[in-house]
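Presented below is the structure to which this report refers.
Only the coordinates and a few stated rules stand behind these numbers; no lab work does. Only a predicted model underlies this, so the values are computations on that prediction, with no experimental measurement involved. As a convention, Cβ positions derive from the backbone with ideal geometry for all residues, glycine included, and neighbour counts pool all protein chains shown.
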Amino acid sequence: MEIKREQWGSRLGFILAAAGSAVGLGNIWKFPYLVGENGGAAFIVLYLICIVLVGLPVVIAEILIGRTAQKNPVGSFRELSKGNPFWIAVGGLGVITGFLILSYYNVIAGWSLGYVIESIKGSFRQFNDPESAGQLFNSLSSQPYWTLTFHAAFMILTVAIIYAGVTKGIERASKFMMPMLLFLIIVLVIRGITLNGAGEGVRYLLKADFSAISGKTFMIALGQAFFSLSLGMGALLTYGSYMSKNENIPNSALSIVFLDTLIAILAGFMIFPAVFAMGLKPAQGPSLIFNVLPVMFNAIPGGYIFRIVFFLLLSMAALTSTISLLEVITTFVVDEFNFSRKKVSVILGGIVFLIGVPSAMSFCGWQKFTIFGLTCFGLVDFISANIFLPLGGIFIALFVGWFWGTRKALPYLLEGTKNFPGVITAT
Ligand code: TRP
């Protein structure tokens, strides 16, 4: 039985859902500390170059593939390549990458949910230095019970939204959470930059140290651009498959890329001015938001509330990303095997939870279990984000630019696009 494919209720719904996929832990947790470690404003400039020259075209390419074929990544490549096994495998790689990323991403998302609860309980109140908050973080993340409970809880939230469907689930959740997120982040930015001594943090972000830029920083910036835009595994392709042929792809892509970049930069301005104002050190790397921030809020008037707001914001940003990952693998099974979305979302949620258990346990008891010097968490992260995503991105670009060919692909891009700069439509 063919079930009619769902479509986004509105253009705004699509943009907010796709921007929701893009905006996530990558923007709020990772981008600020990468800027801090890699030359401040110089890194931001490099990142913007990667976003505009590489990110934007691949965003357009992915959405175009999905919208043209109206299928999951595997089905889309099968249809547009007329059954070429290589390209079908590229779609398959995307689905596998979706399983892998979701499995460990959900663990960190679970921590942020756990921190909402800890913030409400007031667990951070007595701390006045990042070391003691770090000890709490270590003790929480090293309890299998705590980590796995929130890993499971976050997966249940994710499944609940996918279970409800594209418009009733993803679109509705994104339309509620994205404006809320933007609002909360602006509140926190204003709180941060109006603190005494915040100027130093602003200067830290804006000071361009071009001597910190090397080939390696370039790779870090490019990798971050890919991860942050949710590129290279068919997430935007899948969201594009629910898009109507009357919508303008380049314009939508611009809005998505703009929102993602804006929120990453705002996250920097939310965190660093406050960190400096509190006299804390900026170069904390990955532990920045779990060790430094809880303490920082103690020194801020109204900190108890702002801390809850912060972790709530982090959890919402993560949730609009986890749903996009679960959606990719869910549509794959629904399209290819004709099962019901409801059953598939629950079963896949359970499977991804299990795949994520070793990653979660990397912080509680399995630290010593390493492969190539990496914990399970580190290994899954490395393989999926540093190898599979860039590989997928290259193949997507090659597919549209070379195999399908720009000349053949262009008419599909122009559907719904009245004016596209530099292109004469009447050919
Ligand atoms: N972009 C999200 C972030 O910045 C993470 C994410 C969601 C993702 N879906 C993805 C990354 C697909 C790569 C591919 O946190």
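Here are some notes:
- Farthest toward positive dipole pole in the chain [+1 Lys/Arg, -1 Asp/Glu at C-beta], among Gly9, Pro73, Pro179: Gly9
- The Val52 and Leu12 beta-carbon pair, evaluated with R₀ = 25 Å, returns a calculated FRET efficiency of approximately 0.60.
- Largest GNM mean-square fluctuation among Ser362, Ser214, Ser123, using the chain with Cα springs under 10 Å: Ser214.
- Rounded to the nearest 20 debye, dipole of the range 309-410 from Cβ charges on Lys, Arg, Asp, Glu: 140
- The chain: angle of helix 172-193 to the longest principal axis, Cα-based, in degrees nearest 10: 40
- The angle between the Cα long axis of helix 144-164 and the main principal axis of the chain comes to about 40°, on a 0 to 90 degree scale.
- Choice from Ser103, Ser324, Ser132 showing the highest fluctuation, given a GNM over the chain with Cα pairs closer than 10 Å: Ser132
- Overall form of the range 1-125 per C-alpha gyration tensor (a/c, 1.5; a/b vs b/c): prolate
- Label-to-label distance, nm, for residues given as Ile186 and Phe210 (7 Å Cα→Cβ offset): 3.5
- Each of Tyr105, Tyr304, Tyr145, Tyr239 has some number of other Cβ atoms within 10 Å of its Cβ, and from fewest to most they run Tyr145, Tyr304, Tyr105, Tyr239.
- Proxy reagent accessibility, fewest Cβ within 10 Å first, across Glu336, Glu327: Glu336, Glu327
- With neighbour counts taken as other beta-carbon atoms within 10 Å, the residues Trp366, Trp8 rank, fewest first, as Trp366, Trp8.
- Both the radius of gyration and Dmax for the chain are 21.2, 70 Å, in that order, over alpha-carbon atoms.
- Hull volume in cubic angstrom per residue (convex hull over the Cα atoms of the range 276-427): 256
- Length released on extending from Lys245 to Lys342, taking residue separation times 0.36 nm less the Cα-Cα span: 32.2 nm
- Under 12 Å, Cβ to Cβ, from Ile108 - net charge with Lys/Arg +1 and Asp/Glu -1: 0
- Environment charge at Ala235 (Cβ cut-off 13 Å; Lys +1, Arg +1, Asp -1, Glu -1): -3
- Model label sites at Gln143 and Gln126, defined 7 Å from Cα along the beta-carbon direction, differ in position by 1.5 nm.
- C-alpha long axis of helix 130-141 to longest principal axis of the chain, angle in °: 50
- Cα-projected label distance for Glu200 with Leu262, points at 7 Å along beta-carbon direction, nm: 3.2
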